[in-house]
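S.K.: Before anything else, here's the structure in question.
The values are calculated or read from the model by the stated rules, or taken from the named source; none is laboratory data. Owing to the predicted nature of the structure, the values given are computational and were not obtained by experimental measurement. Backbone-built Cβ (ideal geometry, glycine too); neighbour counts: all protein chains shown. With ligands, DNA and RNA removed, areas are computed over all heavy atoms of the protein, side chains included. Shrake-Rupley method; radii C 1.70, N 1.55, O 1.52, S 1.80 Å.
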Amino acid sequence: MIVSSSSPPSAPLGSPAGPGPAGTPRGLRHPGILARYGRLLPLTAGTPPLTLGEGDTPLVRAPALERRTGLGQLWLKCEGGNPTGSFKDRGMVLAVAKAAEEGARAVVCASTGNTSAAAAAYAARSGLTALVLIPDGYVALGKLAQAFAYGAHVLSIQGNFDDALRLVRELDAHGGVTVVNSINHYRLQGQQSAAWEICDELGAAPDILAIPVGNAGNVSAYWMGFRRYQDEGLIPALPRMYGFQAEGAAAIVRDTVIAEPATRATAIRIGNPASRHLAVAARDESGGLIEAVTDEEIAEAYELLAREEGIFAEPASAASVAGLLRLARAGRLPEGATAVCVLTGHGLKDPAFAVERAPAAPIVAPTLDAILAAADL
Ligand code: F0G
């Protein structure tokens with residue numbers, strides 16, 4: 001590979017060969033968000049060129065779900081392809097790079113698991129300490145494993161995510177740490193990059209962007225991203241934003257605070273979303289909707305994704321597919337429309353969900369006869 005240190009004079013936005021922080025070779029296939037979209041992000045000469053190769057995640061067409069929903073095109077944005085297995089890496093790379101630039105020594109976040117994994121990874125990479133506050137008993141095993149493996153200081157709070165976020169705000173006021181929850185505005189700025197990638201790849205925004213909603217940062221970031229691309233003259237039209245919450249944690253849908261949110265999709269088990277006002281604005285400005293899906297609908301969508309499309313996403317991610325299926329059944333999806341469904345995290349984040357739902361594998365003798373008898377081929 002020939003590596004040149006000079007940037008092309010007018011590289012298209014989103015081009016992997018576009019200008020990036022110093023030291024990023026041109027032509028690198030996964031240069032990361034800061035290198036790929038630096039022109040649209042608040043970088044300075046002092047921002048470290050932090051990357052774990054985040055972004056550039058697969059956009060995969062979903063023919064079985066197209067048949068089930070009657071959509072003209074349905075694409076899955078597979079955010080499990082990020083370095084720590086969720087979309088959180090997009091905002092975390094910027095938040096941690098800016099924290100390092102500003103001389104921080106420690107970052108802190110409250111998390112249902114994915115934010116803490118991302119914070120821990122990017123902090124480790126940057127030589128910063130990560131303190132993560134998680135709701136005791138409600139963080140999926142894969143996410144917990146990541147926080148420990150990346151060397152974070154993990155505190156299991158006797159309370160839910162909303163309690164943990166309240167404590168993080170108190171720590172922020174107390175001083176000495178940089179908060180990297182999505183109340184840190186760099187997080188949402190970095191997360192816009194997923195919307196930009198979709199537009200770069202499809203050549204336009206989709207008609208519908210379907211997405212799970214928890215703390216409501218991601219739906220807000222996508223909307224910011226699409227609007228930014230329109231302002232830049234890069235897309236002619238904006239999508240409708242379709243957000244989906246879990247029935248037992250549908251604080252925005254019910255326009256209330258839920259003291260005891262309940263859903264098996266632990267990533268979105270949140271009763272008082274921090275970015276609820278931005279999410280409501282995204283819904284209303286786009287002519288979209290935010291609705292609830294049941295845990296049963298989430299489980300059904302989770303299985304369809306894996307068994308009919310070959311894509312393993314965590315339960316919260318399946319809420320976006322569950323929402324589209326529900327709307328399709330009610331005849332509320334515009335026929336022939338193009339939709340992109342955001343699958344926010346990898347299925348391996350929550351292995352217990354898959355295992356709990358499966359029959360135990362039969363134990364068989366190590367002989368061909370035993371296999372043939374048991375396999376029922
Ligand atoms: N999907 C997954 C897999 C998530 O981890 C989250 C949020 C969401 C969807 C919802 O995104 O909060 O921006 O509306 N997880 C946060 C965390 C709360 O701590 O990892 P949101």
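S.K.: Taking only protein heavy atoms into account and a 1.4 Å probe, give the accessible area per residue of the chain in Å².
M.R.: Averaged over the residues of the chain, the accessible area is 42 Å².
S.K.: If you don't mind, there's one more thing I want to ask. Among 274, 346, 249, pick out the residue whose Cα is farthest towards the positive end of the charge dipole of the chain, where Lys and Arg carry +1 and Asp and Glu carry -1 on C-beta, about the Cα centre.
M.R.: Of the options given, the answer is 274.
S.K.: While we're on this one: Checking the a/c ratio against 1.5 first, then a/b against b/c, what shape does the Cα gyration tensor give for the chain?
M.R.: Details: a/c = 1.32, a/b = 1.20, b/c = 1.10.
Note, shape of the chain comes out rounded.
S.K.: Take peptides 214-224, 200-210, 154-164 and line them up by average Cβ neighbours within 10 Å, highest first, as a rough protection proxy.
M.R.: Working: 214-224: 26.9, 200-210: 19.9, 154-164: 18.4.
Listed from highest to lowest mean packing, they are 214-224, 200-210, 154-164.
S.K.: Between residue 277 and residue 44, what length in nm is gained on full extension when 0.36 nm per residue of separation is reduced by their alpha carbon distance?
M.R.: Roughly 80.9 nm would be gained on extension.
S.K.: Charges only on Cβ, +1 for Lys and Arg, -1 for Asp and Glu: so what's the dipole of region 221-377 about the Cα centre, in debye to the nearest 20?
M.R.: So the dipole magnitude of region 221-377 works out to roughly 460 debye.
S.K.: Under a point-charge model restricted to the Cβ atoms of Lys and Arg (+1) and Asp and Glu (-1), what is the dipole moment magnitude of the chain relative to its Cα centre, in debye to the nearest 20?
M.R.: Values: 31 positive and 37 negative charges, 165 e Å.
Its charge dipole is roughly 800 debye.
S.K.: Only Lys, Arg, Asp and Glu count, each charged at its Cβ (+1, +1, -1, -1), so figure out the dipole size of region 301-377 about its Cα centre, rounded to 20 debye.
M.R.: With Lys and Arg at +1 and Asp and Glu at -1, about 360 debye.
S.K.: Continuing with the same structure: How large is the helix-only mean residue ellipticity at 222 nm for the chain, computed as the sum of -39500 (n - 2.57) over DSSP H runs with n ≥ 4, divided by its residue count, in deg cm²/dmol to the nearest 500?
M.R.: My calculation for the chain gives -12500 deg cm²/dmol from helical runs alone.
S.K.: Just grab the label-to-label distance for residue 155 and residue 231, each label 7 Å out from Cα along the Cβ direction, in nm (one decimal).
M.R.: About 3.7 nm separates the two model spin labels.
S.K.: Please report the relative contact order for region 121-274, taking Cα pairs under 8 Å with a sequence separation of at least 6, and give it as a percent rounded to a whole number. Don't skip to the answer; put the middle values down first.
M.R.: Working: 209 pairs, mean separation 29.4, N = 154.
Relative contact order for region 121-274 comes out at 19 percent.
S.K.: I need the calculated FRET efficiency for the pair residue 357 and residue 106, taking r as the beta carbon distance and R₀ as 35 Å, to the nearest 0.05.
M.R.: For R0 = 35 Å, the calculated efficiency reads 0.35.
S.K.: Between region 37-71 and region 151-220, what's the alpha-carbon centroid distance in Å?
M.R.: Centre-to-centre distance over Cα atoms comes out at 15 Å.
S.K.: Nearest 5 percent is fine: what portion of the DSSP beta bridges confined to the chain is antiparallel?
M.R.: Roughly 15 percent of the beta bridges in the chain run antiparallel, per DSSP.
S.K.: With a 1.4 Å probe and all protein chains left in place, how much of the accessible area of region 164-320 comes from carbon and sulfur atoms, in whole percent? Numbers along the way, then the final one.
M.R.: Details: 2740 of 5760 Å².
Within region 164-320, the accessible surface is 48 percent carbon and sulfur.
S.K.: If packing is taken as the average number of other Cβ atoms within 10 Å across a peptide's residues, how do 228-238, 126-136, 90-100 rank, most packed first?
M.R.: 90-100, 126-136, 228-238
S.K.: Does anything in region 272-292 have its amide N under 15 Å from the 7 Å Cα→Cβ label point of residue 259, and if so which residues?
M.R.: 272
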